[in-house]
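Undergrad: Could you have a look at this structure, given as structure tokens, before my questions?
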Amino acid sequence: MKRRLWVIPALLCMLCMTACSAAGTAAGVENGHDGRDSSSAGNAEEGAQDPVQTDFFAMDTYMTFTAYGDRAREALTLAEEEIRRLESEWSVTDEDSEIWKINHSGGQPVTLSDETAQIVRFALGMAEETDGALEPTIYPVLTAWGFTTDENRIPGEEELRSLLENVGYEKVELNGNQITLPAGMELDLGAVGKGYAGDLTAELLEEKGITSALLDIGGNVQAVGSRPDGTDWRLGLRNPYGEGSIGVLSVSDCAVVTSGDYERYFIGEDGKEYGHIIDPETGYPVDNGLASVTIITEEGKKGDALSTSMFVKGLEQAQEYWRTHPDFDMILITEDGQIYLTEGVQDRFELNGSFGNMEVHVITAD
Ligand code: AMP
Ligand code: MG
């Protein structure tokens, strides 16, 4: 798929998140707008502080950061610098990054910075906890499908089988800050890096005294505190079937992270859609009836790891996982128009008018 195909949804998502939350257009959403009318920014918050906003492209995605308060401008400049610093450490394609060094180490040990060792340890831990649904060494398979170059193709079964021999988080050795990756394997933080970067950036803003900010990292949203008037942020949940948002989620001080096929996919010569999230068991893009998975949790890194891995697990297994690890909330949207949400968010999520007749199921602990 050509990059512009996913850039458009990314931009729409960015606008939608911005308008539904930081810009205070919740009323617009409730009146049936899809939340993309950023021109109404501020109207709903008459007399409130004006937001300061910055947009930029980093980590292969569009980011929009919004903050309130006297020191917001200065804090956002630092936040953008922080994202660029983390990108240069974790990029899989930048020859100066630590991840590049690991991937070109030929099986020799590499010593990592504390920060990179921490995120790699987290990714390997989540891979184990999700029984390999999160697979930080899936990169060679992604490359075979062309997702790393945008020259998409459908690899043969034999090719995938042989590539999968070089995939497996359990083969990575991490002792303290020293990592050893067997030759032929590649590590990629694509499924967790943006969430972790959101956590670190939110911490930085808090250290700078910011108590109200919203970081939209390519659709992953990290909410610092609440809106300046103390009410919840109202985030538009991206419509996985098309443009705009499907509903509104009211939250404060947490991360809201979504994974879905609509973010990046291509249509093969066989006319089928192939998405960018790979089932590590088969080497094929996930095709299990889920359209998107949204995780609501305290930490962005956890939300990011879980959104990707619950998408891989599918509707039934994701619910089973949640019942044994109920320290997060999730909203699963199926391709056939149903919504499954955990009980903790049932009162926080409202469908937009045009989606009002979707079937909603509440996932309970028993
Ligand atoms: P996300 O947008 O957080 O769901 O992450 C998706 C990205 O993670 C993809 O674009 C790939 O770079 C990578 N990826 C795809 N499948 C997997 C998987 N099963 N485990 C870990 N990373 C994956
Ligand atoms: Mg993820």
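Undergrad: Hey, how much of the P(r) for the stretch 261-311 falls beyond 12 Å, as a percent of Cα pairs?
TA: Above the 12 Å cut-off, the stretch 261-311 has 67 percent of its Cα pairs.
Undergrad: Calculate one ³J(HN,Hα) per residue across the stretch 88-98 by plugging θ = phi - 60° into the Karplus curve 6.51 cos²θ - 1.76 cosθ + 1.60, and present them in order as whole Hz with x for glycine and proline.
TA: Couplings: 5, 7, 10, 4, 8, 10, 7, 5, 9, 7, 5 Hz.
Undergrad: Which length gain, in nm to one decimal place, applies between ASN166 and THR364 when the Cα-Cα distance is subtracted from 0.36 nm times their residue separation?
TA: The span from ASN166 to THR364 would gain 67.4 nm if fully extended.
Undergrad: Grab the alpha carbons of the chain, take their convex hull, and tell me the volume per residue in Å³.
TA: 128 Å³
Undergrad: Something else now. Just from its helices, what would the mean residue ellipticity at 222 nm be for the chain, if runs of 4 or more DSSP H residues each count -39500 (n - 2.57) and the sum is divided by every residue, rounded to the nearest 500 deg cm²/dmol?
TA: -10000 deg cm²/dmol
Undergrad: At most 14 other Cβ atoms within 10 Å and a DSSP loop assignment: could you name the GluC sites (Glu not before Pro) in the stretch 211-318 that fit?
TA: Qualifying residues, ordered by number: GLU243, GLU269, GLU281, GLU298.
Undergrad: Then there is this: Just to compare against my own numbers: the Cα pair-distance distribution for the stretch 134-293, 5 Å bins, whole % per bin, please.
TA: With a bin width of 5 Å, the distribution comes to 1, 8, 14, 16, 16, 14, 12, 10, 7, 2, 1, 0.
Undergrad: Find the percent of Cα-Cα distances in the stretch 211-366 that exceed 29 Å, and round it to a whole number.
TA: 15 percent
Undergrad: Can you give the extra length, in nm with one decimal, that the chain gains between ARG85 and PHE56 once fully stretched, where that is 0.36 nm per residue apart less the Cα-Cα distance?
TA: 9.0 nm
Undergrad: Let me ask you something else. Could you tell me which of the pairs LYS171/LYS272; LYS101/LYS194; LYS171/LYS208; LYS171/LYS301 are separated by over 31 angstrom between their Cα atoms in the structure shown?
TA: LYS171/LYS272; LYS171/LYS208, as the Cα separations exceed 31 Å there.
Since every read-out is calculated from the coordinates, none of them should be taken as a lab result. Note that the coordinates shown come from a computational prediction; the quantities given were computed from them, not determined experimentally. We place every Cβ from the backbone using ideal geometry, glycine too, and count neighbours over all the protein chains shown.
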